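I have placed the structure first, in the form of structure tokens, so that the comments after it can refer back to it.
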Amino acid sequence: MLNEESDDKRLSEIMKKSMLRMPFSDFEEKVMFAINKQARYKQIVLKDTKLSCFFFLLGTGFGVGVNYYLSHANQNLMGLSSAQILLFYQVSFVLFFLMQLDKIFKLIHNLKS
Amino acid sequence: MDDVYIRKVCGGDKEAFRYFVTKYKDMAFSIAVSVVKDQFIAEEIVQDAFLKAYKGLGSFHKKSSFSTWFYRIVINEAFMKLKKLKREIVSFGEESNADIEDEGAYSSMKEEEQTYLINRTLESLPPKESLALRLFYLQEENIKEVSELTGWSESNVKVILFRARKHMFEVLREIINAEF
């Protein structure tokens, strides 16, 4: 019977033969391709996020400008008074602003994670 | 050496990551095969593990060596995949014994054939046992390191290794006698 110590030694020698080689010769290239693709994708997402933030700020500025204009304009439109038009515009603006803000936050959060 | 390449990759040199792929792919593949027992699935696991390592390299705090950190990713990926596949691992025994019926045939085998036979035997062991054997003997980790890599307690590692040795010897005893 083999004792525990010699068993261990023999098993150690046997196990040295159990190293497997990656049998797929193109493995390295596949991994590097996937890494490059991921890096490119991340760059594109970063660029798009920056662009989204820019247009969000631009749109917000424009919305504030329109709000300022409407609050000083005393014109009726299609039977609606200027106060009604202003109220309708402001409610729409706030809703739209919050929806887009939420999307921007999600985009930035996804980018970070 | 790993630290130099980690800095390079974190500095934006994507191609520097090839160093890790070249250095660790074989051991990572051996680990993955130990668990899933399938070369194609193992390749997929190792590829995913490298991608995860690349993504997470910035958050690697060097508390352990890169190899320990990376092999832990491989092991987690492999067990997750195994859980998904719910593959039935053929228990060792009948099939393996059939391979070593003829002792004389084994001793006349070439080294590649012996390697093949040993790997077939490891394939027929349960995933945890073949993984423990490969980490302990091939990667030459100690009980504590195997415990760190796998997330099993040290006493659990000892029990698994004990069982694995026993099972391995049941299949290989005749081979060992023929060889030594």
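What is the dipole size for the stretch A:27-112, taken about its Cα centre, with +1 at each Lys and Arg Cβ and -1 at each Asp and Glu Cβ, in debye to the nearest 20?
320 debye
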* Structure fact -> Accessible-area order for B:46, A:91, largest to smallest, probe 1.4 angstrom, reads A:91, B:46
* **Among A:31, A:63, A:11 the positive-end extreme of the charge dipole of the stretch A:1-84 (Cβ point charges)** => A:63
* Asked: In deg cm²/dmol, rounded to 500, what helix-only [θ] at 222 nm does chain A give when every DSSP H run of at least 4 residues adds -39500 (n - 2.57) and the total is split over its residues?
  -> -28500 deg cm²/dmol
* To do: Return a whole-number percent for the relative contact order of the stretch B:2-85, with Cα pairs under 8 Å and 6 or more residues apart as the contact set.
  => 34 percent
* Quantify how strongly other chains surround peptide B:11-20 by giving the mean number of their Cβ atoms within 10 Å of each of its Cβ atoms. => 2
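From the protein chains alone at 1.4 Å, what is the descending order of accessible area for B:27, A:78, A:19, B:80, largest first? Present the calculation step by step, with values, prior to reporting the outcome.
Working: B:27 10, A:78 175, A:19 55, B:80 105 Å².
In descending accessible area the options line up as A:78, B:80, A:19, B:27.
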* For the protein assembly as shown, size of Cβ-based charge dipole, Lys and Arg +1, Asp and Glu -1, in debye -> 2080 debye
* To do: Report residue A:101's accessible area, 1.4 Å probe, all protein chains in place, as a number in Å² to the nearest 10.
  => 50 Å²
* **Of the trypsin sites (Lys or Arg not before Pro) in the stretch A:10-72, those whose Cβ has at most 10 other Cβ within 10 Å and which sit in DSSP loop** => A:21
* Asked: By its C-alpha gyration tensor, with a ≥ b ≥ c as the square roots of the eigenvalues, how is the stretch A:26-113 shaped: rounded for a/c under 1.5, else prolate for a/b larger than b/c, else oblate?
  -> prolate
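Using a 1.4 angstrom probe with every protein chain in place, what is the largest-first accessible-area order of B:29, B:136?
Ranking B:29, B:136 by accessible area, largest first, yields B:136, B:29.
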* For the stretch B:2-85, with the dipole built from +1 on Lys and Arg beta-carbon atoms and -1 on Asp and Glu ones, taken about the Cα centre, which of B:31, B:19, B:70 lies farthest toward the positive end? -> B:70
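The values are calculated or read from the model by the stated rules, or taken from the named source; none is laboratory data. Small disclaimer: the values here were computed from a predicted structure and weren't measured. When we count neighbours, we look across all protein chains shown, and the Cβ atoms used for this are built from the backbone with ideal geometry, even at glycine. Surface accessibility is based on the protein's heavy atoms, side chains included, excluding ligands, DNA and RNA. Shrake-Rupley method; radii C 1.70, N 1.55, O 1.52, S 1.80 Å.
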